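The values are calculated or read from the model by the stated rules, or taken from the named source; none is laboratory data. Please read all numbers here as calculations on a predicted model, not as lab measurements. Don't worry about glycine lacking a Cβ; one is built from the backbone with ideal geometry, like all the others, and counts go over all protein chains shown.
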Amino acid sequence: REWVNRRVPAQVPSALLAVLTTVAVTLVGALLAATQPWRTPPADALAWIAGAAAFTALGNYAVIAATRRADLSAVAPFRYSAIVWALLLGYLLWGDTPDRTGWFGILLIAGSGAIMLRALGTPPPQAPTSKHAPPRH
């Protein structure tokens, strides 16, 4: 997703990308919700849902704007901190801890991110330019 955001022309505002992303996620959520019976949440739950939606939209905008303006290797650690926050909040709010499959997924995501960050931070090999360069055949 971050690479897609960087490929969108600079003339397209980050706010528009955030709105389009939010609309797409909402539509997919509505399609999935259509497969379940509807129960109207109580008013206090709706207020929490609205607050969560607002903060999610704001966070989505912030991530899009950051990935379009900054080097991905500077933004990625903040993206991966979401895993830590999800684990912490899941445990504190619901006493939830990941099972073996969950830990495997977390390690897979974090490990692949670490590999990508290392690859992005490593400059490509340069052709030798010194007078000690090996002869070409």
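Worth pointing out:
- Scanning segment 57-68 for residues that are among the aliphatic types (A, V, I, L, M) and either at pLDDT below 85 or surrounded by 13 or more Cβ atoms within 10 Å (Cβ to Cβ) (or both) returns ALA57, ALA62, VAL63, ILE64, ALA65, ALA66.
- The residues listed here are ALA54, ALA86; of these, the one that is free of Cβ contacts under 8 Å to residues at least 60 places away in the same chain, surrounded by 12 or more Cβ atoms within 10 Å (Cβ to Cβ) and of a type outside the set (S, T, N, Q) is ALA86.
- Test: residue in segment 79-89 that is more than 13 Å from the chain's Cα centre (by Cα) and over 30 Å from ALA119 (Cβ atoms): yes
- Segment 16-46: number of residues that are closer than 24 Å to VAL63 by Cα and among the hydroxyl-bearing types (Ser, Thr, Tyr): 3
- Test result for ALA76, part of a helix (DSSP H, G or I), touching a Leu at 6+ places or on another chain (Cβ under 8 Å), in contact (Cβ under 8 Å) with a residue 24 or more places away in the chain and closer than 20 Å to VAL8 by Cβ: yes
- Only one of the listed residues (GLY113, GLY105) is within 22 Å of the chain's Cα centre (by Cα), part of a helix (DSSP H, G or I) and modelled with pLDDT of 90 or more. That residue is GLY105.
- Out of THR129, THR122, sole residue that is at pLDDT below 75, under 23 Å from the mean Cα position of the chain (by Cα) and either β-branched (Val, Ile, Thr) or farther than 30 Å from ALA10 by Cα (or both): THR122
- Tabulated pairs, segment 5-22, first exposed (fewer than 13 other Cβ atoms within 10 Å of the Cβ), second among the small types (Gly, Ala, Ser), C-beta under 9 angstrom, 6+ apart or interchain: ALA15/ALA65
- Scope segment 83-110; condition more than 23 Å from THR56 (Cα to Cα) and aliphatic (A, V, I, L, M); matching residues: LEU107, LEU108
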